[in-house]
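Novice: This structure is in structure tokens; I'll ask about it shortly.
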Amino acid sequence: MPAVWHPGAVIAHPGFFPAKHSRQRRGSILGRRRSAEPAGRPEGEVGTIRKDWGGRLPVALIYPNRYPVAMSNLGFQALYGLLNAEEDIVCERVVWEEGGATPRSLESGRPLADFPVWAFSVPFELDFFHLVSLIRRAGIPLWAEERAPGDPLLLGGGVALSANPEPIAPFLDAIGMGEGEGLLPGILGALREGASREERLVALSRVEGVYLPAHPGPRPVCRQWVRDLSRFATTSVVLTRQAEFGDVFLVEISRGCRWGCRFCLAGYLTRPPRYRPLETLRPQFEMGLRHRRRIGLLGAAVSDHPELDHIVQTILDLGGGFTVASLRADRVTSLLLEGLRRSGTRTLTLAPEAGTARLRTAIQKGLEAEALLRAAAMARQAGIRRLKLYFMVGLPGEEDTDVTGIHELVKEVRDIFRPGRITLNVAPFVPKAHTPFQWAPMAPAPLLEDRLRRLRREVAQLGVTVEPESVAWSRIQGVLARGDRRLAPVLASMESPSLSAWRHALVAAGLTEEAYLREREHDEAFPWEVVDAGVRREILWQEWEKARQNEGGKPCPEEPGCRSCGVCAANEPG
Ligand code: SF4
């Protein structure tokens, strides 16, 4: 497959996943495979890159989850294309698989330990468990400090590591913070500069945006991001029907989100919002439609793209279809819905997140109930048959009336959307680093369980299906998201990720979940402040204070020149 590759692609991308705040589904977190799914070997792939190893530096690009999940992640795909675009690099993929087998690359089948450089792409905290298991199974020392000069060099990147690398920092030699386009030239230069592990580490210590866990500097490492996305194409590289979105060709049309939802890691960690112009996207659509009937439009806030209607029309004019992970309800247009229907999309996904206007204001969702109802009505008229709605429980300041509000809002939507089917995905809120809610406590498990039970009972009576996320695993996610290096021995001591193993290991280490999930102090030093994500701490605190007063905030302005949060004034490599 021809690939449009420019010198850059994204490392830190949340992936093609229908929730802005990086929900992790239990099934994909722990590698639970539905029985009908194939095992993790590529069959029928288009676009696989196979290069001779002779005279090249072999790099294992590792995704710590199953093959279908890995191949649905555009950041992983982009890195694969980008690394292989370098003449002197041969990059092969390694994914996590169930069982205890030695990890091998998908391309040549070589054992992971044969690769002198490993690059982990880690978008979710719960994938930390698989990262540990992959290192173990490969047969090299788990702890970076125990590695010998002949051992591989272990690099890491991705949203979860850019947000807070500390729980697994002792297992990695170097971590790239931010977007690949900004990071990779420096990292590759450092790898070429040195011949040994030690020489490469010394060279990496001089690269902007690279964090060396064994030698943290006096100042935080600045997250790297690129100003002009149109210089780069970020699209599917390898196509496979085994991927979770195997029937679409993924194209990233935007990055970042302007709305500033206070719970949203993806929103804060990919600031500022940037949009690829249609003129640069068109060749990518043409290429994609040669291989797939539909384009998967990707971005943290696809519906904010100023040319979205033209993008949709262009794809339809090219004879293709398109799909999107989710849309903002107040940005839904008739053209968009009609295009989705013509593309064969039967489900529209919207994320109101909270049931009452008060709470939606407090989390800075900025969405009116009327907009949701209008979107539901338009979807029904356009022939969309299924509606998927995302909500959270346990948000800061949430009261019983807010849970009642979810029920009432869903009832109104149901009445409008009849006879279409509605599914509700409800996730426990998990406070994330580098967001205004980094100070917030995570709600106690009994409260979350109670609210989920209540919703399941009441909403089910409306004929609406409820899919609740696991409270226990959400809490583990919460511990890791705001965790520190004391969690590394916990992860290291677990043979396999299970709730009982986690609890046992935590107790053995003298730690508690509550200590990590508690409300944080105003002046508390955070473990994740080894990274400067760009938004000034006082801005995050002001937003947290406003949330506690039920006050909304301001989205990024659409006009250029804003300097209000600190991101656009700094760390702009290109
Ligand atoms: S500086 Fe302004 S435009 Fe840039 S990310 Fe911050 S709020 Fe948004």
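Novice: Quote to one decimal, in nm, the extra length available between Ser500 and Asn550 on full extension: 0.36 nm per residue of separation minus the C-alpha distance between them. Could you put the intermediate results ahead of the total?
Specialist: Working: separation 50, 0.36 × 50 = 18.00 nm, distance 3.81 nm.
Contour length minus the Cα-Cα distance gives 14.2 nm.
Novice: With the cut-off at 1.5 for a/c, could you classify the stretch 43-222 from its C-alpha gyration tensor as rounded, prolate or oblate? Kindly include the intermediate steps, with their values, before the conclusion.
Specialist: Numbers: a/c = 1.34, a/b = 1.22, b/c = 1.10.
Rounded, because the longest to shortest axis ratio a/c is under 1.5.
Novice: Then there is this: Got a sec? Charge dipole of the chain, +1 on Cβ for Lys and Arg, -1 for Asp and Glu; which of Cys261, Leu172, Ala195 is way out at the positive end?
Specialist: Working it through, the farthest residue towards the positive pole turns out to be Cys261.
Novice: Given the Cα-Cα distance of Arg293 and Thr333 and 0.36 nm per residue of separation, how much length would full extension add, in nm?
Specialist: Full-extension gain reported as 12.2 nm.
Novice: Further question: In the stretch 384-463, which trypsin sites (Lys or Arg not before Pro) fall in coil by DSSP and have 16 or fewer other Cβ atoms within 10 Å?
Specialist: On the way: sites: Arg385, Arg386, Lys388, Lys411, Arg414, Arg421, Lys432, Arg451, Arg453, Arg454, Arg456, Arg457; in loops: Arg385, Lys432.
Of the trypsin sites (Lys or Arg not before Pro), the ones in loops of the stretch 384-463 whose Cβ has at most 16 other Cβ atoms within 10 Å are Arg385.
Novice: Could I have the simple spin-label model distance between Ser196 and Glu558, label points 7 Å from Cα toward Cβ, reported in nm to one decimal?
Specialist: Between Ser196 and Glu558, the label points sit 5.9 nm apart.
Novice: Then there is this: Give, in whole angstrom and from largest to smallest, the semi-axes √(5λ) of the equivalent ellipsoid of the stretch 253-363, with λ running over the eigenvalues of the Cα gyration tensor. Don't skip to the answer; put the middle values down first.
Specialist: On the way: eigenvalues 142, 54, 23 Å².
Working from the Cα gyration tensor, I get semi-axes of 27, 16, 11 Å.
Novice: On to the next question. Any chance you could run the full-extension gain for Glu408 through Glu524? It's 0.36 nm times the residue separation minus the Cα-Cα distance, nm to one decimal. If you can, show how the numbers build up before the last one.
Specialist: Numbers: separation 116, 0.36 × 116 = 41.76 nm, distance 3.91 nm.
Residue separation times 0.36 nm, minus the Cα-Cα distance, leaves 37.9 nm.
Novice: For the chain, what value does the Rg/Rh ratio take when both radii are computed over Cα atoms and Rh is the Kirkwood radius, given to two decimals? Numbers along the way, then the final one.
Specialist: Working: Rg = 22.5 Å, Rh = 24.0 Å.
Rg/Rh for the chain comes to 0.94.
Novice: For the chain, compute the number of Lys pairs whose alpha carbons are separated by less than 18 Å, excluding pairs fewer than 8 positions apart on the same chain.
Specialist: 11
Novice: Rank-order 236-246, 337-347 by packing density, defined as the average count of other C-beta atoms within 10 Å over each peptide's residues, highest first.
Specialist: Values: 236-246: 20.7, 337-347: 18.0.
Output ranking for 236-246, 337-347: 236-246, 337-347.
Novice: Put a dot 7 Å past each Cα toward the Cβ at Arg456 and Arg342; how far apart are the dots in nm?
Specialist: The two pseudo-label positions are separated by 4.2 nm.
Novice: Still on this structure, I have one more. In square angstrom, what is the accessible area per residue of the stretch 43-222 with a 1.4 angstrom probe? Each step should come with its number before you reach the end.
Specialist: Values: 5740 Å² over 180 residues.
Roughly 32 Å² per residue, with all protein chains present.
Novice: Further question: As I understand it, the dipole of the stretch 442-574 uses +1 on the Cβ of Lys and Arg and -1 on the Cβ of Asp and Glu, about the Cα centre. Which of Pro527, Cys565, Met494 lies farthest toward its positive end?
Specialist: Positive-end residue among those listed: Met494.
Novice: How many percent of the accessible area of the stretch 43-222 is carbon or sulfur, using a 1.4 Å probe? Walk me through the numbers before you get to the answer.
Specialist: Numbers: 2880 of 5740 Å².
Accessible surface attributable to carbon and sulfur in the stretch 43-222 totals 50 percent.
Novice: Please give the net charge around Thr404, taking every other residue with its beta carbon less than 10 angstrom from that of Thr404, where Lys and Arg add +1 and Asp and Glu add -1. If you can, show how the numbers build up before the last one.
Specialist: Values: positive: Arg454; negative: Glu399, Asp400, Asp402, Glu408, Glu458.
Around Thr404, the charge tally is -4.
Novice: Of all accessible surface on the stretch 304-414 at a 1.4 Å probe, what whole percent is carbon and sulfur? Display every interim value, and only then the final one.
Specialist: Working: 1760 of 3960 Å².
Answer for the stretch 304-414 is 44 percent, counting heavy atoms of protein chains only.
Novice: Moving on to the next point. Per 5 Å bin, what is the whole-percent P(r) computed from every C-alpha pair distance within the stretch 459-548?
Specialist: 2, 10, 17, 18, 14, 12, 12, 9, 4, 1
Novice: I've got another one for you. When only Cα pairs under 8 Å and 6 or more residues apart are kept, what is the percent relative contact order across the chain?
Specialist: 15
The values are calculated or read from the model by the stated rules, or taken from the named source; none is laboratory data. All values reported here derive from a predicted model rather than from experimental measurement. All Cβ positions, even for glycine, are placed from backbone atoms using ideal geometry, and neighbour counts span all protein chains on display. Accessible surface areas use protein heavy atoms only, side chains included; no ligands, DNA or RNA. Shrake-Rupley method; radii C 1.70, N 1.55, O 1.52, S 1.80 Å.
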